[in-house]
1. Got at least one residue in the range B:73-80 being outside the structural domain of B:Pro171 (by TED's automatic domain parsing) and within 28 Å of B:Lys344 (Cα to Cα)?
2. Output the residues belonging to the range B:299-310 that are in contact with a strand residue (DSSP E or B) (Cβ under 9 Å, 6 or more places away or on another chain), within 11 Å of chain A (Cβ to nearest Cβ) and either closer than 17 Å to B:Gln31 by Cβ or among the hydrophobic types (A, V, I, L, M, F, W, C) (or both).
3. So, in the range B:327-343, exactly how many residues are within 7 Å of chain A (Cβ to nearest Cβ) and either touching a Leu at 6+ places or on another chain (Cβ under 8 Å) or buried (at least 21 other Cβ atoms within 10 Å of the Cβ) (or both)?
4. For the condition within 17 Å of the chain's Cα centre (by Cα) and either surrounded by fewer than 24 Cβ atoms within 10 Å (Cβ to Cβ) or of a type outside the set (A, V, I, L, M) (or both), what is the one hit in A:Gln242, A:Gln207?
5. Within the range B:123-153, which residues are under 25 Å from the mean Cα position of the chain (by Cα) and buried (at least 22 other Cβ atoms within 10 Å of the Cβ)?
6. Condition first: within 27 Å of B:Pro341 (Cα to Cα) and either more than 15 Å from the chain's Cα centre (by Cα) or not in a strand (DSSP E or B) (or both). Now tell me which residues in the range A:225-239 satisfy that.
7. For the range A:362-373, which residues satisfy the criterion of being surrounded by fewer than 23 Cβ atoms within 10 Å (Cβ to Cβ) and either within 11 Å of chain B (Cβ to nearest Cβ) or basic (Lys, Arg) (or both)?
2 protein chains.
Amino acid sequence: MNSPNVPPSAPVTAPVVGMVGAGQLARMTQQAAIALGIDLRVLANTRDESAAKVIVDTRLGDYRDLADLREFAKGCDAVTFDHEHVPTEHIQALAADGHAVHPGADALVHAQDKGVMRERLTAIGAPCPAWARVEDLAGVETFAEEHGWPVVLKAVRGGYDGRGVWVCETPAEAREVLATGVALLAEAFVPFEREVAVLVARSPHGQGVSYPVVETVQKDGICVEVIAPAPGLGEEEAAVAQRVALTIARDLGVTGLLAVEMFVTKSGFVVNELAMRPHNSGHWTIEGARTSQFEQHLRAVLDLPLGSPSMTAPVVVMANLLGGPDPDVYSRYEHVMANDPGIKIHFYGKDVRPGRKIGHVTALGTDLDEVRARAHHAVTCLRGPVDA
Amino acid sequence: MNSPNVPPSAPVTAPVVGMVGAGQLARMTQQAAIALGIDLRVLANTRDESAAKVIVDTRLGDYRDLADLREFAKGCDAVTFDHEHVPTEHIQALAADGHAVHPGADALVHAQDKGVMRERLTAIGAPCPAWARVEDLAGVETFAEEHGWPVVLKAVRGGYDGRGVWVCETPAEAREVLATGVALLAEAFVPFEREVAVLVARSPHGQGVSYPVVETVQKDGICVEVIAPAPGLGEEEAAVAQRVALTIARDLGVTGLLAVEMFVTKSGFVVNELAMRPHNSGHWTIEGARTSQFEQHLRAVLDLPLGSPSMTAPVVVMANLLGGPDPDVYSRYEHVMANDPGIKIHFYGKDVRPGRKIGHVTALGTDLDEVRARAHHAVTCLRGPVDA
C-alpha cells in the first residue's frame, strides 16, 4: 500500500534483447543497453566470458543446441547475435516459433556461407573478385589458368580474423589446403591498394543508414587499425561504397548491422567479406560517432528509428590491443593515461593470450598523423614488453 | 593443459571498485567500468534497484550496517559511494581496516553535514552566504534581524533535491520547520541571478581537473536542465569558479569527484551545496566531454591519472526526465528518435513515479537555442501526456 503522500510508482516493462554469444561485442552492446534502459540477455558458454562478466541476465547454453536457443529466446522482444555461428536451421526454427530474429536466417546465411554470399552478390551486381567453388586440385588449377596465381582459397564456412583464408602461390600450397577437407571457394587474388569497410544499419521497416567509409589496416589477417573517415577518399567514391553496402543490406534483407569489407583497386571497390553484427571496423563509433554501432544495432533489431551516424570529430582512429607475453595490462594504464589524457581505453576483461584481441583504444582529433600516433603509442604501451 | 599450438592464456586481475548504493549514478558508472575493464561491485538494498539490474557483482546489504559494509569492502581496491548517507564512523572503520575509501570520512563529512561544511568553507575563505546554526525561533529571529527575511532553513543532514530546504518568509513558517525537530542551519537568502555548478576531480596523489562551469536550471528544487558551458560566463569568471572548486577539493582533501553548486550574484559566486560523487550536473559529460564524470570518478578513486575534461561539442544541454502519469516511456522512444536522430536518451530502469528522476537526455550542437529546444522537446515527449 502506498502512503497517501507518495504517488504510486509503476513498473515499466523494458524491451528485452537476447544476444547469442557473450564476447566483447555483446559486452560493448551492454554499455548501449544500459543507456537506453534495454534489458540485454546473452547466451554464454561460461560465466567467465567477456560479456557474461557484465550482464546480469546471462544464460548458459550451447548456441548449436536448438533447445538451449528456444529456452534463451523466451520473453525476448528481439533475438540477435554476437557471432555468426548459429546454425541456419536453428534460426529458422526460432523464427517459426514466432520470435523476431535479426538478422533473419535468409540474410545471415550470406555471412555464414561464402558460396551463398558470392552467388547472391554476383546476382545483384555487387562488385566481386572472380570466384568459383572448388572441390579438388583440378578445380583450383582450372581456376588459376583463367585468373592466375596466387589463388585465394577460403573455407566456405567458419573462417574469421584471417583463419580460413589461404593465399596459395602454387598448386602444392593449394594441395595442402585441400587436404584439410573443408569445403572451399577459390577467389582471384585482388591486387588492392588498401582496404576499407562500410558499416550500415537497416531496420525491419526498411530504414537504412551508413556510417562514413573507414580504412582498415590488417596485419597477419587481423585488423590492427581503423581510420575514420578513410583518408583521401573522395566524397563521390565514398558515396559509391556506401551505396554498395546499403544495396547489399536491402537486397539481402539484412536487419541490424551489416559490415561490408572492401578492397580498393585501381578499377574500383571489390567486396571482400560481409558481417551481420557489430564489427571491429565500427568500434571507433563508441566515441567517434553520435550513435555507436552498438546502440544502432539495438535500435535496428527493435525496429526503432536509427540514430545519427555523423562523426563527433574530424579524425578518429581505433587501434586493436592484441595480447602480449605479459598479461598485466592494468599496470600499464597509469603510463598510457598520464601520457594522453584524451585517449579512450577499452579492455574486454578477457584472459590475455599473445596475439588475441583483448581490447582497443580510440583517439580523436583533427590531425591524422597525430591521432594515429596517439593510438599507436597507447596500444604499444598497453601490450607491454614483447620479450617478457 | 594447453595444446602446443595454442599459446597459454593468462588471467588478469581486474581492479575492483566497490560503490555503496545502487542508484542511477552507480548504473552509469558501470558503463565506464565496462570500457576500462574494471570490476564494479555495488551494495544494494534490493535487486530491483537501477544499478543492480546491470551489475553482476551486486551485494545486498544495509549501508547503515558496519558488518554489511565490511563484508562488502572485502577484496575491493577502492570503496566509494553513489550517495552520501553512509555514517561517518563506518567510513572511518573501513579506513581503519585498511580499505582505500574515496572520498574519506574527513572529506565526505562536508557533504553530509551542512554545519561542518559552512564552518570549513568559511575557514578556508570560500564564498558563503551569511549562516548560523539555529536551535529555536529566537535564533532564527536573531539571524533575520541581521540578514532579513526570507531566511533559508536547511536540515543539517539528509537533504537533497530540494528536500530539507525551506525558504521561510515569516517567523510562523520558520516555527513550522522548527517543529519537525531536525537540526537546522539558517542561511541568508541569496538574491541570485542564476545557478552554476563546477565539477572537479581530485585523485589521492593530488592531481586535480575541472570540467567547464555549467549553468543549472532548477524547478521546484529539482535540477531540470544543465547547460554546458554556462552561457555568457566570461573566461575569467569561469576560471574564478573553477579555482574555488579546486581549492575546496584540495583543502577538504576530497578524493574522487566534487560538485560545487554556486549562486551567481551581482557580487560574485556564493557556494550553495557540495556533493562528493558523480553528480546530476555532470551527466552531460557522458557524450559531451572527452572523459565522462563516471570514468573520471573511477580513475580518481583508483589513483589513476585523470582524463581530459574537454568538451566534444561547443554546446551541450542535459535535461532531466521526470516521471509523468503514464509510465510507458518506451512506447515514446519511437517518436523521439525519429524526430531527432542525434538526441541521446538515458533511461535508468527505475519504476516511474510522477516527478521522480527516471532518466535524462543530452543534446549536442553549436547553437544554444536549438540545442536547448531539442533537449526540451525530447524530455517533454518522453514524459508523456501530463493528464494521463
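The values are calculated or read from the model by the stated rules, or taken from the named source; none is laboratory data. Every value quoted in this text rests on a predicted model; they were computed, and no experiment measured them. Cβ atoms come from the backbone with ideal geometry, glycine included; neighbour counts cover every protein chain shown.
1. Yes, the range B:73-80 contains at least one residue that is outside the structural domain of B:Pro171 (by TED's automatic domain parsing) and within 28 Å of B:Lys344 (Cα to Cα).
2. B:Arg299, B:Leu302, B:Leu306, B:Gly307
3. Qualifying residue count, the range B:327-343: 7.
4. Of A:Gln242, A:Gln207, the one residue that is within 17 Å of the chain's Cα centre (by Cα) and either surrounded by fewer than 24 Cβ atoms within 10 Å (Cβ to Cβ) or of a type outside the set (A, V, I, L, M) (or both) is A:Gln242.
5. B:Ala126, B:Leu153
6. Across the range A:225-239, the qualifying residues are A:Ile227, A:Ala228, A:Pro229, A:Ala230, A:Pro231, A:Leu233, A:Gly234, A:Glu235, A:Glu236, A:Glu237, A:Ala238, A:Ala239.
7. The answer is A:Gly365, A:Arg372.
Matching residues to (1) closer than 27 Å to A:Glu334 by Cα; (2) surrounded by 15 or more Cβ atoms within 10 Å (Cβ to Cβ); (3) hydroxyl-bearing (Ser, Thr, Tyr); (4) within 14 Å of chain A (Cβ to nearest Cβ):
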residue	(1), (2), (3), (4)
B:Ala78	yes, yes, no, yes
B:His102	yes, yes, no, no
B:Ala105	yes, yes, no, no
B:Leu121	no, yes, no, no
